[in-house]
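Enquirer: Input: one structure, supplied below.
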Amino acid sequence: MDFVQEGFFDGLTGPALDERQALLDWLVAEGFSDDELRRAHRRGLLIFLAAEREVGGEPKYTSYEVAEKTGADPELLAKLRRAHGLPLPAEDAVELTDVDLASARTSRAFTDLGLTEEQMVATTRILGRSLSTASEAMRALMLETVLEPGTTELELAQRYAASVHAIMPLVGPMILQMLSQHLRNMVQSEMVGQTERATGRLPGARDQAVAFADLVGFTRLGEEIAPEDLGAVAERLFSTAREVIEEPVRLVKTIGDAVLLTATEPDALVRASLALVSASDAQAADGTFPQIRVGVAYGPTVMRGGDVFGRAVNLASRVTTIARAGSVLATREVRDASIDEFQWSSAHARRIKGLPDPVPLYRARPLAAGS
């Protein structure tokens with residue numbers, strides 16, 4: 001292949017041009033095909049081409065060949081790939097690897113076990129979203145370990161590929177271990193009652209408490225500090241929430257500068273919310289972390305796809321925007337369910353968008369010592 005003719009050196013001069021030539025010479029010696037080099041260059045990923053092979057192996061198959069070899073439905077495989085958040089290769093492009101072949105075999109096995117297309121796509125969408133975030137974190141971590149001042153393209157490509165080669169054997173067992181731990185925890189806390197057993201269906205709406213905790217002044221803070229520092233602040237909220245909550249409180253998800261918590265017992269959720277406020281106040285004392293505010297509501301909710309929906313979710317979100325920094329604000333249902341557990345004060349009835357009548361709200365504080 002004529003690298004000059006195909007634009008591999010466009011815009012490069014002097015040492016940068018020499019670096020690119022050294023990288024290309026090494027990739028050719030490692031056996032990468034012209035098509036692989038073109039694809040990586042087109043995407044601006046030449047440096048990571050060797051690491052890509054360490055992760056997924058050598059491209060060998062088209063989408064049709066993967067479906068034919070595994071007996072899987074090609075339309076289902078395409079839907080699963082989209083749900084995973086992965087690009088669909090061109091029909092005749094040899095871009096799929098043995099990993100994709102194994103994934104197709106797994107989907108076929110799940111189909112044979114009786115899982116529906118809707119169940120598989122929904123589950124894949126959830127796992128794909130989480131694993132995409134985990135992959136990005138691992139990518140950044142590995143780059144941090146190999147990137148040094150003055151690193152050439154060839155040195156970075158070789159070091160990154162070597163790092164991936166060393167780490168990949170550990171990734172599969174680690175993910176399986178973590179998933180097993182979470183599944184075990186879910187099984188321990190899941191309840192299936194007489195109604196569910198009689199109907200053969202999972203429960204619909206369940207009453208539970210919902211809380212949103214968000215960082216006060218996060219938008220303004222974003223104008224004052226670097227984006228990477230802003231991300232670290234949001235990560236600290238998630239880490240702090242993980243440290244203070246305990247069963248039966250569950251951290252459902254993070255949403256930018258907020259976390260969503262649920263619990264079947266309102267008093268447990270209020271207690272966790274107060275602990276979260278206290279922990280964040282301690283960090284805010286040195287000026288490196290904003291205060292948080294928490295809104296709590298109680299009512300019917302539905303769990304779907306790892307997320308929670310319902311009026312209580314929307315109400316908790318609205319209440320959070322009303323709460324003062326460093327406070328926990330709750331609806332009357334939450335207060336009544338835990339009236340003796342905390343010190344409550346009226347925050348008056350407030351009009352909330354979407355609701356016809358004002359909603360009475362109450363501020364929660366820990367009971368004074370000796371109360």
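The values are calculated or read from the model by the stated rules, or taken from the named source; none is laboratory data. Worth saying up front: this structure is predicted, and the values here are computed from it rather than measured. Cβ placement follows ideal geometry from the backbone for every residue including glycine, while neighbour counts extend to all protein chains displayed.
Enquirer: Go through region 233-257 and report how many residues are touching a Phe, Trp or Tyr at 6+ places or on another chain (Cβ under 9 Å), in a helix (DSSP H, G or I) and among the polar types (S, T, N, Q).
Expert: Going through region 233-257, the residues touching a Phe, Trp or Tyr at 6+ places or on another chain (Cβ under 9 Å) turn out to be 233-234, 236-237, 240, 251, 254-257.
The next check asks that each one be in a helix (DSSP H, G or I); those that pass are 233-234, 236-237, 240.
Next cut, among the polar types (S, T, N, Q) only: 240.
So the answer is 1.
Enquirer: Suppose the filter is modelled with pLDDT of 90 or more, at positive phi and small (Gly, Ala, Ser); does Gly256 pass it?
Expert: Numbers: modelled with pLDDT of 90 or more: no; at positive phi: yes; small (Gly, Ala, Ser): yes.
Answer is no for this residue.
Enquirer: Pick from Ala93, Ala137, Ala162: which is at pLDDT 90 or above and either assigned by TED's automatic domain parsing to the domain that holds Asp18 or touching a Leu at 6+ places or on another chain (Cβ under 6 Å) (or both)?
Expert: Working: Ala93 fails: at pLDDT 90 or above; Ala137 fails: at pLDDT 90 or above.
It is Ala162.
Enquirer: Going by the structure shown, is Ala16 over 28 Å from the mean Cα position of the chain (by Cα), free of Cβ contacts under 8 Å to residues at least 12 places away in the same chain and outside any loop (DSSP other than H, G, I, E, B)? Spell out the reasoning first.
Expert: Values: over 28 Å from the mean Cα position of the chain (by Cα): yes; free of Cβ contacts under 8 Å to residues at least 12 places away in the same chain: yes; outside any loop (DSSP other than H, G, I, E, B): yes.
The answer is yes for Ala16.
Enquirer: Take region 30-43 and flag every residue that is surrounded by fewer than 16 Cβ atoms within 10 Å (Cβ to Cβ) and either touching a Lys or Arg at 6+ places or on another chain (Cβ under 6 Å) or within 20 Å of Ser163 (Cα to Cα) (or both).
Expert: Glu30, Gly31
Enquirer: Something else now. Might you let me know whether region 122-139 holds any residue that is without any contact (Cβ under 8 Å) to a residue 40 or more places away in the chain and over 30 Å from Asp307 (Cβ atoms)?
Expert: no
Enquirer: Please list, ordered by first then second residue, the pairs with beta carbon atoms under 6 Å, 6 or more apart or interchain, first in region 313-334 and in contact (Cβ under 8 Å) with a residue 12 or more places away in the chain, second assigned to a loop (DSSP other than H, G, I, E, B) and crowded, with 21+ Cβ neighbours inside 10 Å.
Expert: Leu329/Ala323
Enquirer: Continuing with this model, one more query. Kindly indicate whether Val334 is assigned by TED's automatic domain parsing to the domain that holds Gly295, closer than 19 Å to Gly310 by Cβ and surrounded by 11 or more Cβ atoms within 10 Å (Cβ to Cβ). Quick ask: steps written out before the conclusion?
Expert: On the way: assigned by TED's automatic domain parsing to the domain that holds Gly295: yes; closer than 19 Å to Gly310 by Cβ: yes; surrounded by 11 or more Cβ atoms within 10 Å (Cβ to Cβ): yes.
Answer is yes for this residue.
Enquirer: Select from region 276-311 the residues that are more than 23 Å from Leu230 (Cα to Cα), more than 23 Å from the chain's Cα centre (by Cα) and surrounded by fewer than 19 Cβ atoms within 10 Å (Cβ to Cβ) and list them in ascending order.
Expert: Within region 276-311, Pro300, Arg311 qualify.
Enquirer: Still on this model: Of all residues in region 21-45, which are touching a residue at least 24 places away in the same chain (Cβ under 8 Å) and closer than 24 Å to Glu95 by Cα? Break it down stepwise before answering.
Expert: The initial filter retains those residues of region 21-45 that are touching a residue at least 24 places away in the same chain (Cβ under 8 Å), namely 22-23, 26-27, 34-35, 37-39, 41.
Across region 21-45, the qualifying residues are Leu23, Trp26, Leu27, Asp34, Asp35, Leu37, Arg38, Arg39, His41.
Enquirer: Could you check region 44-69 and list, in sequence order, the residues that are in contact with a Ser or Thr (Cβ under 8 Å, 6 or more places away or on another chain) and surrounded by fewer than 20 Cβ atoms within 10 Å (Cβ to Cβ)?
Expert: Selection gives Gly56, Gly57, Glu58, Lys60.
Enquirer: What number of residues within region 335-354 satisfy the criterion of being assigned to a loop (DSSP other than H, G, I, E, B), in contact (Cβ under 8 Å) with a residue 40 or more places away in the chain and at negative phi? Spell out how you get there, then give the answer.
Expert: Narrowing region 335-354 to residues assigned to a loop (DSSP other than H, G, I, E, B): 338-342, 351-354.
Those left that are additionally in contact (Cβ under 8 Å) with a residue 40 or more places away in the chain: 338, 341-342, 354.
Adding the requirement that they be at negative phi leaves 338, 341-342.
The number of residues fulfilling the criteria is 3.
Enquirer: For region 258-303, how many residues are in a helix (DSSP H, G or I) and within 17 Å of Arg335 (Cβ to Cβ)?
Expert: Quick first cut of region 258-303, residues in a helix (DSSP H, G or I) only: 266-284.
If we keep only those that are within 17 Å of Arg335 (Cβ to Cβ) as well, we get 266-274, 277.
Number satisfying all stated conditions: 10.
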